[in-house]
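*Asks:* What follows is a structure written as structure tokens; I'll ask about it next.
No value in this document is a laboratory result; all are computed from the given coordinates. In this text the structure is predicted, and so the values were computed from the model without any measurement. Glycine gets a Cβ as well: all are built from the backbone with ideal geometry, and neighbour counts include every protein chain shown.
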There are 2 protein chains.
Amino acid sequence: MDACVLKFGGTSLQDISRIKEIGKRIIKYKKLGKSPVVVVSAMNKTTDELIRMSKEFSLHPDKRELDLMLSTGEQVSASLLAIYLKAKGYKAISFNAFQLPIITDSDFGRAKILSVNVDKIKKHLEMDYIVVITGYQGVVNDTRNITTLGRGGSDTTALAMTLSLGLKSCEIFTDVDGVFTADPEMIPEAQKLNTISYEEMLELAGGGARVMHPRAVLLAQKNDIVIHVKNSFHNNPGTLIKNKQDINKSIVTGVTYTSNEARVSFEKIPVSEHKDYLSRIFRMIAEEEVNINLIAKNHSGDFADLSFAVEKSDLIRLVHLIKLLSQEIRARRVVFDTDFSRVTIIGSGMKNCPGVAFKMFSALQEKQIQIHMISTSDIKVSVFVDNKDLFTAVKAVHEKFELSKGPYRGDLGSTKQAFTS
Amino acid sequence: MDACVLKFGGTSLQDISRIKEIGKRIIKYKKLGKSPVVVVSAMNKTTDELIRMSKEFSLHPDKRELDLMLSTGEQVSASLLAIYLKAKGYKAISFNAFQLPIITDSDFGRAKILSVNVDKIKKHLEMDYIVVITGYQGVVNDTRNITTLGRGGSDTTALAMTLSLGLKSCEIFTDVDGVFTADPEMIPEAQKLNTISYEEMLELAGGGARVMHPRAVLLAQKNDIVIHVKNSFHNNPGTLIKNKQDINKSIVTGVTYTSNEARVSFEKIPVSEHKDYLSRIFRMIAEEEVNINLIAKNHSGDFADLSFAVEKSDLIRLVHLIKLLSQEIRARRVVFDTDFSRVTIIGSGMKNCPGVAFKMFSALQEKQIQIHMISTSDIKVSVFVDNKDLFTAVKAVHEKFELSKGPYRGDLGSTKQAFTS
């Protein structure tokens, strides 16, 4: 028995004819002697439509009910796929989260998988079945409440399944050819990467790329599972996401972006009066469950300036609280800017090549692009630019590092400029 | 705690605005101090659409997968309703079959409820929740397979729920005002019945009326549960389905019909050669799981003539087998007729009034309508007529018994003509 985990996303399952295509693809694996365990998302748009209906009743629909309802989307695609495979003469069976079960905590809308029972899967693989599993969902052990895993949840299901079956790799089918040096829709010269490390993939996702969800990548990284991202529409090889040490490290692997950043700037906070201002600000943001993409702080004399970036959609919830807090800590004023983009270069070999940030800044400077904030880690450099400069910035950086020839591995020349994270 | 079971069918839940209406209705019960347990069907057309998709892959989709898939329809409407109620400030929670659980046998597509665990329902009613239950489905105890209960399954769920909660009545909301003396779409003079007995309702359903499914009525009858059928679109009182002895028995309560009957006639079966011909014919039909609506048999000398009626849609499956069997038992020939309608009068007081059949036949004769077959029971008389005569027949019978004035209670005059079942 040569089990393999294949995951198909919503765009691969958007209608009856696409489900047929996916079915044929799975049958090919079966014919090659493999025992496929297929993880499916809901058919494209199904989840959005269910959310739309619930929003007609409430802007914040009850989370338990929403999860219970959303979980039906994967059930429909899983059953349809099993029906197709069976109609084609293959043994096939679908299981949902509670039938296996896939046990999660009870954090509705973004539950965490606690355990996956693969007994039924193994038993059916041994009986020559193709097994189809509903992605994106789980069940709480004692209450039998149904949960969903949040965005990218089906990827997480696929990885948890791979791990529980004791496999070392899984295949994630999507609507793109793999991971690229830049968004190929924006930069047509972008190159598909043959391999990328977990760390780079995580930074890419954090920087805006939507190929794989960070949670699934983290799970793969922790357990050294190779993820093969490939296009469900054809047979070309995709991108392998795998352990760093197996990969010829590149200085810059790719460039990614987000275009929905907002900045909050507190100006002239009288530090001596409110020594706890940092904890007060960030506790408030944490309580609102908002992710911070960058923090910049400046200190001169008795006054501190503090800026941080959040997603524009999150800012709306924060504005009122931030204004109140600004008065409490007696900042001279607080400024909101909403038209920022974040451009990020990623490369696991960057750490030992200090010239890389300089090269990036030069590329932007040559195009007269203003850099508003900078953020770095061992394997990335992010800059905040005006939205109007986004395309020019990504293109300039992609060209500067010659990424259309593939990942950038050399020569930074003699320009050595250190940067710290 | 004054629990009540309210069941809403698919037409009551056909879109967002209808779900709101239903929600408002339920809130009225709550405001009156009731503790509603609401059983819901899938939103109108959802089930049909799911079946349509599965049929694109297979004319006979895998039954287990089909049930798993169809069960999602009720989940969506149950969650949406709970979300609405919660948004309106009421405590509300939905449970599906496996969460309670509702345990069934594993006869996919027409499973039988074995037990209903109402612990969670009672607990939540005590905590002031409105509880919403997915109708039409169950779960098999050991395999965790999901089943559906077949046509009218949500009515059965509502009755099983009523019984398990120890209640003596339930309310079934539908898109008609109740049970009528005839199909009001065909006979505008038809009168709504205030009460009808279980037996009469069963015969009405068997005779073609689609208000309530026989299985649900049988469950009510067995446990003496009063069913109140009413219109979900307004507040008028509907029809009470209850124990016979509580009702002033009428000779003819209503007239109903089907228009999709087929007849199979074996002519001149040489009885002495094949003494087992009856068992052979009906075993074959039973094995094909086809219901027989009527059997007529004639015997003269060494030959027997045998006719029986089945639904036209079932005939297609039988034709080939019947032809083979006809040769085996050496019938002179076998004839198939497909354009029959069945018109049935029902009345629990009919038994002691032998003139009722005569009066029905007279009504048809006066309109020159040919009667092809007759079938009777203690509380019904059915006749088979040509499809072309259906409307005239129903109208003639409805008028003859003056049903536009309500159920017929008398006077059959001196014309006494016995009939036997």
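*Asks:* Would you mind telling me which residue in A:108, A:303, A:340 has the biggest mean-square fluctuation in a Gaussian network model of chain A, where springs connect alpha carbons within a distance under 10 angstrom?
*Replies:* A:303
*Asks:* Would you please calculate the Kirkwood hydrodynamic radius of the stretch A:311-421 over all C-alpha pairs and express it in Å, rounded to one decimal? Please list the in-between numbers first.
*Replies:* Details: mean 1/r = 0.0630 Å⁻¹.
The answer is 15.9 Å.
*Asks:* Also: What is the packing order of peptides B:342-352, A:143-153, B:181-191, taking the mean over residues of other C-beta atoms within 10 Å and listing the highest first? Intermediate values should be presented prior to the final figure.
*Replies:* On the way: B:342-352: 24.1, A:143-153: 21.8, B:181-191: 17.2.
In descending order of packing, they fall as B:342-352, A:143-153, B:181-191.
*Asks:* Let me ask another. So if I average 1/r over every pair of distinct C-alpha atoms in the stretch B:107-234 and take the inverse, what Kirkwood radius in Å does that give?
*Replies:* Values: mean 1/r = 0.0628 Å⁻¹.
That comes to 15.9 Å for the stretch B:107-234.
*Asks:* Same structure, new question: Mind listing the phi-derived Karplus ³J(HN,Hα) values for the stretch B:215-232, rounded to whole Hz, using 6.51, -1.76 and 1.60 with θ = phi - 60°, and x for any glycine or proline?
*Replies:* 4, 5, 5, 4, 5, 5, 4, 4, 10, 6, 9, 7, 9, 9, 8, 9, 7, 6
*Asks:* Running a GNM on chain B with Cα contacts under 10 Å, which residue among B:28, B:400, B:55 ends up with the highest mean-square fluctuation?
*Replies:* It is B:55.
*Asks:* Closest beta-carbon to the A-to-B rotation axis: which chain A residue owns it, and what is the separation in whole Å?
*Replies:* Axis relating chain A to chain B; nearest Cβ residue and distance: A:72, 2.
*Asks:* A follow-up question, please. Have a look at chain B and give its Rg and Dmax from the Cα atoms, expressed in angstrom.
*Replies:* 23.6, 78
*Asks:* Treating each Cα of the stretch A:185-229 as an identical point scatterer and ignoring solvent, apply the Debye formula and state log10 I(q)/I(0) at q = 0.24, 0.26 Å⁻¹.
*Replies:* -0.89, -1.01
*Asks:* From the helices alone, meaning DSSP H stretches of at least four residues, give me the mean residue ellipticity at 222 nm for chain A, per-run term -39500 (n - 2.57), in deg cm²/dmol to the nearest 500. It would help to have the intermediate numbers written out before the result.
*Replies:* Working: 11 runs with 141 residues, N = 421.
Using -39500 (n - 2.57) per qualifying helix, the result is -10500 deg cm²/dmol.
*Asks:* Shape call for the stretch A:1-156 from the C-alpha gyration tensor, a ≥ b ≥ c root eigenvalues: rounded (a/c under 1.5), prolate (a/b greater than b/c) or oblate?
*Replies:* Working: a/c = 2.56, a/b = 1.48, b/c = 1.73.
Verdict is oblate for the stretch A:1-156.
*Asks:* Which far-off residues, 5 or more places away or on another chain, put their amide H under 5 Å from the one on residue B:172, with H placed in the peptide plane?
*Replies:* Placed amide hydrogens put B:7, B:228, B:229, B:230 under 5 Å from residue B:172.
*Asks:* Could you give, in nm with one decimal, how far residue B:126 is from each other copy of that position, shortest first, with labels 7 Å out from Cα toward Cβ?
*Replies:* Listed shortest first, these distances are 4.4 nm.
*Asks:* Measure up B:297/B:323; A:45/A:122; A:120/B:91 against 27 Å on the Cα-Cα distance and list the ones that go over.
*Replies:* On the way: B:297/B:323 18 Å; A:45/A:122 32 Å; A:120/B:91 37 Å.
In this structure, A:45/A:122; A:120/B:91 lie more than 27 Å apart at Cα.
*Asks:* Obtain the radius of gyration and the Kirkwood radius of the stretch A:67-178 from its C-alpha atoms and give Rg over Rh. Let's see the in-between values first.
*Replies:* Details: Rg = 13.8 Å, Rh = 14.4 Å.
Expressed as Rg/Rh, it is 0.96.
*Asks:* Further question on the same structure: Taking a ≥ b ≥ c as the square roots of the Cα gyration tensor eigenvalues, with a/c under 1.5 meaning rounded and otherwise prolate when a/b beats b/c, else oblate, which class fits the stretch A:265-338?
*Replies:* Values: a/c = 1.76, a/b = 1.61, b/c = 1.10.
It is prolate, given that a/c is not under 1.5 and a/b is the larger ratio.
*Asks:* Across peptide B:66-77, how many C-beta atoms of other chains are within 10 Å of each residue C-beta, on average?
*Replies:* Across the residues of B:66-77, the mean count of other-chain Cβ atoms within 10 Å is 5.
*Asks:* Between the label point of residue A:391 and that of the same position in each other copy, find the distances and list them shortest first in nm, with every label point placed 7 Å from Cα along the Cα-to-C-beta direction.
*Replies:* Shortest to longest, the spacings are 6.5 nm.
*Asks:* Enumerate the aspartates and glutamates that residue B:380 could reach by cross-link, defined here as Cα to Cα under 15 Å, with residues fewer than 8 away along the same chain left out.
*Replies:* Within the straight-line limit of under 15 Å, residue B:380 reaches these aspartates and glutamates: B:199, B:200, B:203.
*Asks:* Springs between alpha-carbon pairs under 10 angstrom, Gaussian network model over chain A: which of A:37, A:140, A:252 fluctuates most?
*Replies:* Residue with maximal mean-square fluctuation among A:37, A:140, A:252: A:140.
*Asks:* Continuing with this model, one more query. Note the direction-averaged projected area, equal to a quarter of the hull surface, for the Cα convex hull of the protein assembly as shown, in nm².
*Replies:* With every direction weighted equally, the projected area is 44.5 nm².
*Asks:* Quick one: helix A:312-328 against the long Cα principal axis of chain A, what's the angle to the nearest 10°, folded into 0 to 90?
*Replies:* 40 degrees
*Asks:* Which far-off residues, 5 or more places away or on another chain, put their amide H under 5 Å from the one on residue B:130, with H placed in the peptide plane?
*Replies:* So residue B:130 has HN proximity to B:91, B:92, B:93.
*Asks:* Still on this structure, I have one more. Mind listing the label-point distances from residue B:301 to the same position on all other copies, shortest first, one decimal in nm, points 7 Å along Cα→Cβ?
*Replies:* Distances between equivalent label points, in nm: 12.9.
*Asks:* Just need the relative contact order of chain A here, percent rounded to a whole number, with Cα pairs under 8 Å and 6+ apart. Each step should come with its number before you reach the end.
*Replies:* Working: 900 pairs, mean separation 57.2, N = 421.
Contact order relative to length: 14 percent.
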